[in-house]
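S.K.: The following block contains the structure, expressed as C-alpha cells.
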Amino acid sequence: MLHQLDAIRGQDADWLYEVVVVNSMSTDRTEAVVHDYATRWPKVRLVDAPSPGANNARNAGVAAARSSAALLCDADDVVDAGWASALRSALADHDVVRGRYDL
C-alpha cells in the first residue's frame, strides 16, 4: 500500500485534492498505515466499507469522495507517473474510462 500511496502522491496533478483509502475489513495494519501516512500528506483519509469485497470497497470509496469524479486503483498496484492526468483528460470526453492493465 505504501508504494501505491507514494505513486499517487508523485502524480503531476495539483488538482488532486483527496485520496480516499477504503478499509474493507482488512486484517493487516491498513488503519495504522493510513493514519501515519496522513500525518505526512493530509490529502489521505480512511473510510470503512460496510461489508467485505472489492466492489463494496470501491462503492464505499466513491460514496465518500468529495468530488464528482473518482479514479480507482488497488493498494497492491502501483500507478504510472501520468496515470491521474491521463484518466482526467479522458474523463473530459467520456463518462467512464479505465486505464491500461499490465501484469
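S.K.: Want the number for LEU91 to ASN56: 0.36 nm per residue separation, take away the alpha-carbon distance, what's left? Spell out each step's value before the answer.
M.R.: Numbers: separation 35, 0.36 × 35 = 12.60 nm, distance 2.28 nm.
10.3 nm is the gain from fully extending LEU91 to ASN56.
S.K.: Kindly provide the pair-distance distribution of the stretch 26-103 built from C-alpha pairs, with 10 Å bins from 0 and whole-percent values in order of increasing distance.
M.R.: Pair shares across the bins are 15, 43, 37, 5.
S.K.: Separate question: Express in whole angstrom the spacing between the alpha-carbon centres of the stretch 46-103 and the stretch 13-35.
M.R.: The distance from the Cα centre of the stretch 46-103 to that of the stretch 13-35 comes to 12 Å.
S.K.: To continue, here is another question. With an 8 Å cut-off on Cα pairs and a minimum separation of 6 or more residues, tell me the relative contact order of the stretch 10-103 in percent. Kindly include the intermediate steps, with their values, before the conclusion.
M.R.: On the way: 94 pairs, mean separation 27.6, N = 94.
Across the stretch 10-103, relative contact order equals 29 percent.
S.K.: Test of understanding: extend the Cα→C-beta vector of ARG40 to 7 Å, then name every residue of the stretch 2-16 with backbone N under 19 Å from that spot.
M.R.: Output list for this probe position: 2-13.
S.K.: May I ask you to derive the FRET efficiency for VAL78 and MET25 from their Cβ-Cβ distance with R0 = 22 Å, giving the value to the nearest 0.05?
M.R.: Working: r = 23 Å, r/R0 = 1.07.
About 0.40, to the nearest 0.05.
S.K.: Another one. Could you put LEU16, LEU72 in order of accessible surface area, largest first, with the 1.4 Å probe and the full protein assembly present? Spell out each step's value before the answer.
M.R.: Values: LEU16 30, LEU72 100 Å².
These residues rank, largest area first, as LEU72, LEU16.
S.K.: At 1.4 Å probe size, put GLU31, GLU18 in order of accessible surface, largest to smallest.
M.R.: Working: GLU31 100, GLU18 25 Å².
Per-residue accessible area, sorted high to low, gives GLU31, GLU18.
S.K.: Mind checking the stretch 1-72 for chymotrypsin sites (Phe, Trp or Tyr not before Pro) that DSSP puts in a loop (not H, G, I, E or B) and that have at most 16 other Cβ atoms within 10 Å? Before the final figure, lay out the partial values.
M.R.: Details: sites: TRP15, TYR17, TYR37; in loops: TRP15, TYR17.
Passing both the DSSP loop test and the Cβ count: TRP15, TYR17.
S.K.: Residues in the stretch 75-99 near a label at TRP15, defined as backbone nitrogen under 18 Å from the 7 Å Cα→Cβ point?
M.R.: Hits in the stretch 75-99 for TRP15 at 18 Å: 81-99.
The values are calculated or read from the model by the stated rules, or taken from the named source; none is laboratory data. Here the structure is a predicted model, which means the values were calculated and not measured. Quick reminder, even Gly has a Cβ in these numbers, built from the backbone with ideal geometry, and neighbours come from all protein chains shown. For accessibility, only protein heavy atoms count, side chains too; no ligands or nucleic acids. Shrake-Rupley method; radii C 1.70, N 1.55, O 1.52, S 1.80 Å.
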